[in-house]
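So the structure is just underneath, and the comments pick up after that.
The values are calculated or read from the model by the stated rules, or taken from the named source; none is laboratory data. Everything quoted here is computed from the prediction, not taken from an experiment. Note that each Cβ is placed from the backbone with ideal geometry, even for glycine, and that neighbours are counted across all protein chains shown. Please note that ligands, DNA and RNA were not included when accessible areas were found on the heavy atoms of the full protein model with its side chains. Shrake-Rupley method; radii C 1.70, N 1.55, O 1.52, S 1.80 Å.
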Amino acid sequence: MVIDPRQSGRHRPAGGIQEAPARLDPGAASTPDRLPLAYVLPLRADSDSGGGLTGYLRELSRWVDVIVVDGSPPELFARHAAAWRGLVRHVPPDPALRGRNPTALGVLTGVALARHEHVVIAGDDVRYDLAGLRAVHGLLDRVDLVRPQHHVDPLPWHAWRDTGGTLLRRALGGDRPGTLAVRRSTFLAMGGYDPDVLAGNLELVRTVRAYGGATRTPAWLYVRRLPPAAARRQAYDEVARPGWLPAALAVLPAAAAALAARRPGLLLRAGVATVAVAELGRRRAGGARVFPAHTSLAAPLWLLERGVGAWLAVGRRLRGGAPGPDAGQAAHSIRALRRRLAERRPDDLVLWVETGAAPAPARSDRLPG
């Protein structure tokens with residue numbers, strides 16, 4: 001059965017992609033709360049599968065079909081298979097796919113296996129509840145991609161600092177979430193997204209937009225994330241966000257100029273203004289329910305750390321270094337992605353889905369940054 005374009009509300013997948021039958025996973029009981037929704041969890045080789053992940057998967061499997069694409073080494077993969085048997089579909093990444101971002105390879109594999117039109121993509125640190133899944137499912141009836149708002153709980157110091165940045169981004173247009181939801185038909189029709197970039201979520205959002213899909217960023221839809229085990233100091237994503245990069249690069253020179261002029265009051269006023277903007281983000285769309293009041297105070301510290309990180313990322317790029325160990329480019333521009341989509345043959349858009357073979361990717365040196 002070919003996917004009906006009316007089912008997706010937007011695009012008919014090129015090449016006549018066959019719709020997978022909607023069967024429930026073994027061991028997942030049919031309940032009134034169960035949703036026609038697939039949940040793809042890409043698990044990297046270096047992911048920590050502890051921290052209650054099995055308990056979360058057990059709860060999640062009562063509500064939706066769960067696909068764990070596990071890139072773990074063989075011994076750990078076998079332990080996961082034993083622990084999750086009957087709860088989820090547990091598979092390795094498709095060996096036919098090629099790319100330097102293992103999470104993206106897991107997403108490509110999982111979405112191809114999904115049995116439903118609506119697909120949630122989330123890492124092992126994301127913790128949806130049933131209300132959040134229902135909200136995402138409803139939004140995907142009207143748009144091609146949804147970007148929920150994440151919040152970290154509990155809040156060790158590094159997560160507290162990063163939450164200051166989350167609040168600033170909320171105040172200035174929207175945060176970068178740790179989870180996305182997408183229509184499967186749109187994802188397949190556009191040929192997935194580039195698995196060689198480091199900022200995979202940003203690349204996926206931009207690819208949907210370049211394809212002509214509609215996206216939505218509901219500031220009121222909160223999804224919990226667990227804190228990272230250690231502070232993350234990378235600012236590679238700012239290199240791919242021209243609107244944010246100049247602001248991040250300006251932080252250190254501005255602070256140095258104020259100190260050189262012996263006007264520390266300027267720094268104090270700038271800090272107060274930063275906290276005020278973060279507080280606007282905290283209160284937006286009922287955010288005070290999930291973001292403690294003290295997190296606004298973290299915004300100046302996050303801004304200073306991001307300023308340092310932005311200069312380090314730019315310096316590394318100018319020296320010819322990659323922004324990270326897994327991928328060479330942070331993300332492509334929407335203009336570059338539109339050109340890439342226009343240059344691909346129609347059969348390339350679904351080749352990896354229909355045959356399991358990865359099409360030869362467009363050369364990245366043909367794309368503007």
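Only one of GLY191, GLY200 is of a type in the set (Gly, Ala, Ser), at pLDDT 80 or above and at positive phi. Can you tell me which? First the steps, then the outcome.
Numbers: GLY200 fails: at positive phi.
Just one listed residue meets the conditions, GLY191.
Step by step: first the residues of region 52-111, then only those that are assigned to a helix (DSSP H, G or I) and basic (Lys, Arg), then the one that is surrounded by the fewest Cβ atoms within 10 Å (Cβ to Cβ). Which residue is that? Please lay out each step first, then the result.
In the first step, residues of region 52-111 are kept if they are assigned to a helix (DSSP H, G or I); the result is 53-60, 74-84, 102-111.
Filter again for basic (Lys, Arg), leaving 58, 79.
Details: ARG58: 17, ARG79: 12.
The selected residue is ARG79.
In region 128-157, what residues are charged (D, E, K, R) and open to solvent by 30 Å² or more (accessible area, probe 1.4 Å)?
Correct list: ASP129, ARG134, ASP141, ARG142, ARG147, ASP153.
Do you know which of the residues in region 281-291 that are touching a residue at least 12 places away in the same chain (Cβ under 8 Å) and surrounded by fewer than 16 Cβ atoms within 10 Å (Cβ to Cβ) is farthest from TRP220 (Cα to Cα)? I'd like the intermediate steps shown before the answer.
Here is the first cut: in region 281-291, the residues touching a residue at least 12 places away in the same chain (Cβ under 8 Å) are 281-282, 284-287, 289-291.
Cutting the leftovers down to surrounded by fewer than 16 Cβ atoms within 10 Å (Cβ to Cβ) gives us 285-286, 289.
Numbers: ALA285: 5, GLY286: 7, ARG289: 10 Å.
Only one residue fits best here, namely ARG289.
Would it be correct to say that GLY86 is of a type outside the set (Asp, Glu), at pLDDT 90 or above and under 24 Å from the mean Cα position of the chain (by Cα)?
In short, no.
I want to confirm something. Restricting to region 158-179 and keeping residues that are free of Cβ contacts under 8 Å to residues at least 60 places away in the same chain and in contact with a helix residue (DSSP H, G or I) (Cβ under 9 Å, 6 or more places away or on another chain), which single residue is surrounded by the fewest Cβ atoms within 10 Å (Cβ to Cβ)?
It comes out as GLY178.
Quick one: which residue in ALA231, ALA248, ALA257 is part of a helix (DSSP H, G or I) and at pLDDT below 80?
From the options ALA231, ALA248, ALA257, the qualifying one is ALA248.
Residue by residue through region 184-202, note down the ones that are in contact with a His (Cβ under 8 Å, 6 or more places away or on another chain) and open to solvent by 10 Å² or more (accessible area, probe 1.4 Å).
ARG184, ASP194
Quick check on region 124-131. Is at least one of its residues within 20 Å of ASP153 (Cα to Cα), touching a helix residue (DSSP H, G or I) at 6+ places or on another chain (Cβ under 8 Å) and among the charged types (D, E, K, R)?
yes
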